[in-house]
Amino acid sequence: MYLEGVFQLRGRDFVDAGLVSSRIKNSLKNKGVPEDTIRKIAVIAFETEINIISYAKEGTISFYLLPDRVVIEAEDSGEGIENIEMALQEGFSTADDSIREMGFGAGMGLPNIRKFSDDFEIVSEPGRGTYLKSSVMLNGNYRAKDDQDDNA
Amino acid sequence: MTTLETIVETLGLKCKCCWEKLKTEVKGGYAGDLLSDVMANSKEHDVWVTRQVHQNIVAVASLKEHAGIIIVQGAQPDSDTLAKAQKEGIPVIVTELSEFEVVGRIYKLLHEQD
């Protein structure tokens, strides 16, 4: 009941890169989610989006607005990650030149996602794909507008 | 208050898109060509100085709510970049000046106001 949206992404579709993050951000703004939470989610959603576009054949990004947190969940089918410990180190990247030429592939994506998350989980199987879940906590004063409506 | 217009006029830059947004206030700046770095470290109302020209810079500037993008060293934005910038309402400004000079002069302008 807290699922706010699910978006499909295709690998190598850099033309629309950022669109999903932008929709998530606008949706959270409309729900009155605090700015500091939205700022973090925007970075997490963007990096997740770029990772799927850069490395997967296809994938989905879902986002949830819970009473105490916003959750970004991503699942893709693609090359997966051989060594997650390495991939989480800043500067480590397997990006090819075409990705680097656009200013991506600096090895900052996953480290940024972890850095801006309050809770972070990643599971990957080489040759199959990657699952990622990131949560950002809301401050105690926030109540989702839907909840307010439900209680009215 | 420093606006994009002040920066464009003082440094002699050329606006390629979204002239109507030049009155936007610039509160700070960020320089960089790595999009993840800019995503993580820049702030709202920053002017972003870069050498990147492809359309993903507009997505970053829009998500981060930058005041505008300045493309340096004579590089020209792709036509897709300008079309997207127009749609998102992100001013794109170009200059022959180097990144070093642009950043230095904007920094001075912003801090003269203090």
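Quick notes on this one:
- Cα pair count fraction exceeding 15 Å, expressed as % - segment A:1-84: 54
- Packing rank of A:29-39, B:15-25, B:58-68, where each peptide gets the mean count of other beta carbons within 10 Å, highest leading: B:58-68, B:15-25, A:29-39
- By the rule of a C-alpha distance below 17 Å, with chain neighbours fewer than 8 residues away ignored, the aspartates and glutamates paired with A:Lys31 are A:Glu4, A:Asp68, A:Asp146, A:Asp147, A:Asp149, A:Asp150.
- Fewest-first ranking of A:Tyr2, A:Tyr142, A:Tyr131, using other Cβ atoms within 10 Å as the exposure measure: A:Tyr2, A:Tyr131, A:Tyr142
- For B:Lys108, the aspartates and glutamates whose Cα comes closer than 20 Å to its Cα, not counting residues fewer than 8 places off in the same chain, are B:Glu5, B:Glu9, B:Glu25, B:Glu44, B:Asp46, B:Glu96, B:Glu99.
- Shown for A:Ile122, A:Ile113, A:Ile44: other C-beta atoms within 10 Å of each C-beta, ranked fewest to most, produce the order A:Ile122, A:Ile113, A:Ile44.
- Report summary: the helix-based calculation at 222 nm, which adds -39500 (n - 2.57) for every DSSP H run with n ≥ 4 and divides by the residues of chain B, gives -12000 deg cm²/dmol.
- Taking A:Met102, B:Met1, A:Met86 and counting other C-beta atoms within 10 Å, the order from fewest to most: B:Met1, A:Met86, A:Met102
- Mean partner shielding of peptide B:29-38, defined as the number of other chain Cβ atoms within 10 Å of each residue Cβ, is 5.
- Viscosity 0.692 mPa s, 37 °C: Kirkwood-radius Stokes-Einstein D of segment A:3-151 over Cα pairs, µm²/s: 210
- Placing one equal scatterer on every Cα of the protein assembly as shown and applying the Debye formula, the log10 ratio I(q)/I(0) at q = 0.15, 0.17 Å⁻¹ is -1.08, -1.27.
- For segment A:58-135, the calculated P(r) over all alpha carbon pairs, in 10 Å bins from 0 to the bin holding the longest distance, is 18, 46, 31, 5, 0 percent.
- Rounded to the nearest 500, the 222 nm mean residue ellipticity of chain A from helices alone is -11000 deg cm²/dmol, with -39,500 (n - 2.57) taken per DSSP H run of at least 4 residues.
- What separates the Cα centres of segment A:1-15 and segment B:39-94 is a distance of 23 Å.
- Extension gain, B:Gln73-B:Glu25: 0.36 nm per intervening residue step, less the Cα-Cα distance, totals 14.9 nm.
- Rg and Dmax of chain B, both derived from C-alpha coordinates alone, stand at 12.3, 38 Å.
- Extents of segment A:56-98, largest first, come to 40, 24, 19 Å (Cα atoms, principal axes, whole angstrom).
- With a simple spin-label model that places each label point 7 Å from the Cα along the Cα-to-Cβ direction, the separation between B:His111 and A:Gln8 comes to 5.2 nm.
- Förster-model FRET efficiency, 35 Å R0, B:Asp33 and A:Lys31, C-beta, rounded to 0.05: 0.55
Every number here is computed from the coordinates shown, using simple stated rules; none is lab data. Small disclaimer: the values here were computed from a predicted structure and weren't measured. Every residue, glycine among them, receives a Cβ derived from its backbone with ideal geometry; neighbour counts consider all protein chains shown.
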